[in-house]
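The values are calculated or read from the model by the stated rules, or taken from the named source; none is laboratory data. Not measured: the values here are computed from a predicted model. Glycine gets a Cβ as well: all are built from the backbone with ideal geometry, and neighbour counts include every protein chain shown.
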Amino acid sequence: MEKRKRIALVAHDNRKQDLIEWVEFNAFSLREHQIICTGTTGKMIEQQLRSSLSEEHYGDFEVIKLKSGPLGGDQQLGAMIVDGKVDMMIFFWDPMQPQPHDVDVKALLRITVLYNIPTACNRSTADFMISSHLFTEAYDRKIKDYSSYINREVKM
């Protein structure tokens, strides 16, 4: 993991405003990194940052927008993780609202664990992650070798 992180930002509808406020509060730390968002979240973050930051500071932001989560954005993000193109994820999900694409969300969270991607699911954890000295340093992320699971024979 390089010093400049590739950070995925995702939020369910009822948590988008919370994530936008978090991004705005941490804008100066985040602008040094590449931001990857699912579609609607990315559009909302861009709009808020354009209106709240000066052009000089907003110009530093790089926001890559994928499809909306229910339209495949979660799978796109999962593929990016598998391909080594995401270093960490902030996912403000709504634990109180069932989502029509819950299976996709569970798969995405499973991939983050499988590939040892630091993942924050709430503001406190996100704050701890970006305030760590590791946020601005190179980091050698260890990935478990799961090949023995794939090569294991199924015994009946």
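Say whether the condition of being in contact with a strand residue (DSSP E or B) (Cβ under 8 Å, 6 or more places away or on another chain), surrounded by 12 or more Cβ atoms within 10 Å (Cβ to Cβ), modelled with pLDDT under 90 and of a type in the set (A, V, I, L, M, F, W, C) is met by at least one residue in segment 56-75.
Yes - at least one qualifying residue is present in segment 56-75.
List every residue pair whose Cβ atoms sit under 9 Å apart, with the two residues 6 or more apart in sequence or on different chains, where the first one lies in segment 41-55 and is under 15 Å from Asp18 (Cα atoms) and at pLDDT 85 or above and the second, anywhere, is surrounded by fewer than 18 Cβ atoms within 10 Å (Cβ to Cβ) and among the acidic types (Asp, Glu).
Ile45/Glu24; Gln48/Glu21; Gln48/Glu24
Out of all the residues in segment 81-95, is one or more touching an Asp or Glu at 6+ places or on another chain (Cβ under 8 Å), modelled with pLDDT under 95 and assigned to a loop (DSSP other than H, G, I, E, B)?
yes
Test each condition in (1) of a type outside the set (Gly, Ala, Ser); (2) under 19 Å from Lys106 (Cα atoms); (3) in contact with a helix residue (DSSP H, G or I) (Cβ under 6 Å, 6 or more places away or on another chain); (4) surrounded by fewer than 16 Cβ atoms within 10 Å (Cβ to Cβ) for Arg50 and report the one that comes out false.
Exception for Arg50: condition (2).
Starting from segment 20-40, keep only residues that are farther than 13 Å from Phe91 by Cα and in contact (Cβ under 8 Å) with a residue 24 or more places away in the chain, then list their pairs with residues that are aromatic (Phe, Trp, Tyr) and surrounded by 15 or more Cβ atoms within 10 Å (Cβ to Cβ) whose Cβ atoms are within a distance under 6 Å, requiring at least 6 positions of separation or different chains.
Matching pairs, first to second residue: Arg31/Phe61.
Out of the residues in segment 28-47 meeting the condition of being over 18 Å from Glu137 (Cα atoms) and among the aliphatic types (A, V, I, L, M), tell me which one is surrounded by the fewest Cβ atoms within 10 Å (Cβ to Cβ).
Filtering first and then ranking leaves Met44.
Could you grab me the full set of residues in segment 2-27 that are buried (at least 18 other Cβ atoms within 10 Å of the Cβ) and assigned to a loop (DSSP other than H, G, I, E, B)?
Lys5, His12
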